[in-house]
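K.L.:
One structure is given below, represented as structure tokens, and several questions about it will come after.
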Amino acid sequence: MYMTKNHPNQGKQVKEMVMTTIQFAKQKKGRKQLAALIATHLGAHAEYLGTPSFAYQMGEATLDRDWLLHLPGTIDTAVLAEAAAQAGFPADAPVAEELGLTLVFPTTDWDEATAGKVEAMLAAKGRLIAKALQIPATPIHLDEQAGKAEFDWFDEVPDREVVEAATVLIARIFEHAKVAMRVSAKPAETGGNDKYAMHCWLLRLGMIGDSYKNVRRALLANLEGNAAWKTPPTTKNVQ
């Protein structure tokens, strides 16, 4: 499935897509023909993207250089795999079930420096983000030709509040990257208080006020430490 929505705090159109894959058996040639077959099946046009991905784009589906097809979970993969097999392109592995959630954002209003600053923020805060969202990593795939950035973060579809938190976080990262003069990619030490470090960062990103309350709560829930104190007060200090 996928849905398109606008969040009230960021105004951007974001697609949330449940993705699946089909791994086709690699052949010496014929990937162009397979892409054309897939495009026909999907009612789309096959476009070769060239360097650096060397992939074929067919609507929302992508056939990469390793013959791995990425496509939305709404598509009947069994029917598509059968049609490809009859044309001489068998699947190399069982057709995958639903894999997870990919967040897709438009990048048409980025300048040359925006991508670098977004990547720097993900490098610096990736550990905190991954821990907060309980995901293995925070990769970003930029498709300059299509004008979009894909965040394939979730192996399984998470709760709605987690999706909302991730969507707003990425949108705020984008907005900060557009105006920041400089962004460091060096991970900052948290002193064991991940919750405080994340809370301060969220405020710097502009997540201030009641409208972001639920998002902040979701992003802090899985982190250790104290959001209010960098060094939590001891009982002696409190007295």
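K.L.:
Restricting things to alpha carbons, find the Rg to Rh ratio for the chain using the Kirkwood radius for Rh.
P.N.:
That ratio is 1.05, to two decimals.
K.L.:
Taking a cut-off of 17 Å, what percent of all Cα-Cα pairs in region 18-99 are separated by more than that?
P.N.:
37 percent
K.L.:
Same structure, new question: Can you give the net charge of the other residues whose Cβ lies under 11 Å from the Cβ of Arg31, counting K and R as +1 and D and E as -1? Walk me through the numbers before you get to the answer.
P.N.:
Values: positive: Lys26, Lys28, Lys29, Lys32, Arg65; negative: Asp64, Asp66.
Combined, the nearby Lys, Arg, Asp and Glu give +3.
K.L.:
If I histogram all Cα-Cα distances within region 43-159 using bins 5 Å wide from 0, what percent of pairs lands in each bin?
P.N.:
2, 9, 16, 20, 19, 17, 9, 5, 3, 0
K.L.:
Determine the sum of side-chain charges near Trp67: Lys and Arg each +1, Asp and Glu each -1, restricted to other residues whose C-beta is under 13 angstrom from that of Trp67. Before the final figure, lay out each step's value.
P.N.:
Details: positive: Lys26, Lys28, Lys29, Arg31, Lys32, Arg65; negative: Asp64, Asp66, Asp92.
Within the 13 Å Cβ shell, the charges total +3.
K.L.:
Here is a further query. Residue separation times 0.36 nm, minus the C-alpha to C-alpha distance between Thr51 and Ala146: what's the value?
P.N.:
Full extension of this stretch gives 32.9 nm more.
K.L.:
What FRET efficiency comes out for the pair Asp66/Glu189, r = Cβ-Cβ distance, R0 = 22 Å, nearest 0.05?
P.N.:
Details: r = 38 Å, r/R0 = 1.73.
Efficiency at R0 = 22 Å is approximately 0.05.
K.L.:
If you don't mind, there's one more thing I want to ask. Can you tell me the length gained on complete extension of the stretch Cys200 to Ala123, counting 0.36 nm per residue apart and subtracting the Cα distance?
P.N.:
Length gained between Cys200 and Ala123: 26.0 nm.
K.L.:
By the scheme Lys and Arg +1, Asp and Glu -1, what is the net charge of all other residues having a beta-carbon under 11 Å from that of His41? Please report the intermediate quantities before stating the final value.
P.N.:
On the way: positive: none; negative: Asp76, Glu82.
Once positives and negatives cancel, what remains is -2.
K.L.:
Also: Calculate for the chain the 222 nm mean residue ellipticity that helices alone would give, adding -39,500 (n - 2.57) per DSSP H run of length 4 or more and normalising by residue count, nearest 500 deg cm²/dmol.
P.N.:
So the helix-based figure for the chain works out to -11000 deg cm²/dmol.
K.L.:
Now for a separate question. How big is the charge dipole of region 18-99 about its Cα centre, in debye rounded to the nearest 20, if each Lys and Arg gets +1 on its Cβ and each Asp and Glu gets -1 on its Cβ?
P.N.:
Value, rounded to 20: 500 debye.
Since every read-out is calculated from the coordinates, none of them should be taken as a lab result. On a predicted model such as this, the values are computed, not experimentally measured, just so you know. Note that each Cβ is placed from the backbone with ideal geometry, even for glycine, and that neighbours are counted across all protein chains shown.
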